[in-house]
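Peer 1: Let me give you the structure first, and then I'll get to my questions.
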Amino acid sequence: MSEQRYRDLYINTPGILHSIDKDLRLVEVSNHWLERMGYQRKEVLGRPFTDFMTANSRRTALEEIIPRFLATGSVRDVPYLCLYEP
């Protein structure tokens, strides 16, 4: 599968997907993520993904989820409360 095809599938999937870099900054989000969160792509890419979480979710992510991800290489089905931009 070509990189462009993979990117198109990722962006257009009907799921709330985001990818982050080593500094926890958003490098890509799905269109569904943007629709549900109420942002434009240019507003979010490059920002820490924790900027879009409530204080409690941010704390849980930084203290528990991210360390688990770094130790195991993956996490799945992690519930976060996020800040919606109406």
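Read-outs: derived from the displayed coordinates by stated rules, not from any lab. For clarity, every value in this text was computed on a predicted model and none was experimentally measured. Glycine also receives a Cβ, built like all others from the backbone with ideal geometry; neighbour counts cover every protein chain displayed.
Peer 1: For M53, what residues show an amide H to amide H distance below 5 Å, using hydrogens built from the backbone and excluding near sequence neighbours?
Peer 2: HN-HN under 5 Å from M53: L83.
Peer 1: So what is the relative contact order for the chain, in percent, with contacts set as C-alpha pairs under 8 Å and at least six apart?
Peer 2: 24 percent
Peer 1: Based on the mean of other Cβ atoms within 10 Å per residue, sort peptides 52-59, 35-42 so the most packed one is first.
Peer 2: Packing proxy ranking, top to bottom: 52-59, 35-42.
Peer 1: Let me ask another. Can you give the net charge of the other residues whose Cβ lies under 14 Å from the Cβ of V44, counting K and R as +1 and D and E as -1?
Peer 2: So the surrounding residues net to -1.
Peer 1: Could you give the nm distance between label points at L24 and S2, where each point is 7 Å from its Cα heading toward the beta carbon?
Peer 2: About 3.7 nm separates the two model spin labels.
Peer 1: Further question: Can you give me the long-range amide H partners of T13? Hydrogens built in the peptide plane at 1.01 Å from N, cutoff under 5 Å, separation of 5 or more residues or another chain.
Peer 2: Excluding prolines and chain starts, which carry no amide H, the hits are N31.
Peer 1: What is the diffusion coefficient of the chain in µm²/s, taking the Kirkwood radius over Cα pairs and the Stokes-Einstein relation at 20 °C with a viscosity of 1.002 mPa s?
Peer 2: So the translational diffusion coefficient is about 157 µm²/s.
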